[in-house]
Amino acid sequence: MSTMQSVLIADVVQSRSRGRLRPILEARLREASAAHRRAKIIRLPYAVTAGDEFQCLPASPGVIPELIFDLRRRMRPLSLRIGIGIGAIEGRIQPPVNRLTGEAFTRARQAIDAVKQGTLHRYRVLTAFRTPQESFDRLANLVYGLTDTLLLRVTETQWRTMGAYREKRRVDRAAKRLRLDSSTASRSLKRAHYWQLAETAAVMRSLLQAEWGSLHENVQSQAIA
């Protein structure tokens, strides 16, 4: 039996220049697995499949934008290339994720390879989609190509401010956590283009739900979370 699902494959940019990467990667992914399972945005724990690569199954297409952003935040200062594939997965959905197969994995691999090879655009990107719908891929890859252009300019200080804001949900509380005044935290969010990134993620969530959500819901009952 095969079911239509989404797959995320990621790897670390310039991993060869980082010493002792594997322990750091595994520790971060344990934390991410716990948080994302509690939030019900992944179906199986993250699995490292190579020295600097890991995989997961998003809980539904609509959570993909949230998952991408939160992974990037949690893995800092590591920078990630991410490929998303949507398609069939063969057999029962059960851990470990790296033993599953199907079109979704093939498409996710094609997506991350396109990021590595720089074949999507004439500018650098970090994210790519491959789905059964070419028209959707063109739109999603354009949106994330532009989003990645903004993300590549974000500093570590700005990432910390965005992380604090996402956890506290108020600028003043985020500023207090970071021991900053509210105006400094607010400027940091603006300079990181946080509000543009958040709005883009919300729009992409709606598009993914509209394009793939109903199909996912129809087949989800056939698979075991």
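Given a Förster distance of 41 Å, report the FRET efficiency between R92 and H121 from their Cβ-Cβ distance, rounded to the nearest 0.05.
0.65
Kindly express, to the nearest 10 degrees and within the range 0 to 90, the angle between helix 64-75's C-alpha long axis and the longest C-alpha principal axis of the chain.
That helix lies at roughly 50 degrees to the long axis.
In degrees, nearest 10, range 0 to 90: what is the angle between the Cα axis of helix 182-191 and the longest Cα principal axis of the chain?
Helix 182-191 and the main axis of the chain meet at about 50 degrees.
Taking all pairs of different Cα atoms in the chain, averaging 1/r and flipping that mean, what Kirkwood radius in angstroms comes out?
So the Kirkwood estimate lands at 18.0 Å.
Among residues other than A39 whose Cβ falls under 13 Å from its Cβ, what is the net charge (Lys/Arg +1, Asp/Glu -1)?
Local net charge: +2.
Viscosity 1.306 mPa s, temperature 10 °C: Stokes-Einstein D of the range 50-147 from its Kirkwood Cα radius, in µm² per second?
Using the Kirkwood radius from Cα pairs, D works out to 113 µm²/s.
Show me, for the range 126-131, the HN-Hα J-couplings you get by feeding each phi into the Karplus relation (A = 6.51, B = -1.76, C = 1.60, θ = phi - 60°), rounded to Hz, glycine and proline as x.
10, 9, 8, 10, 9, 9
Whole number please: convex hull volume per residue of the Cα set in the range 24-79, in Å³?
71 Å³
Divide by every residue of the chain the summed helix terms, -39500 (n - 2.57) for each DSSP H run of at least 4, and state the resulting mean residue ellipticity at 222 nm, rounded to the nearest 500 deg cm²/dmol.
-16500 deg cm²/dmol
Bear in mind that the values in this text are calculations on the coordinates, not laboratory data. All figures in this text were calculated on a predicted structure; none of them were measured in a lab. Note that each Cβ is placed from the backbone with ideal geometry, even for glycine, and that neighbours are counted across all protein chains shown.
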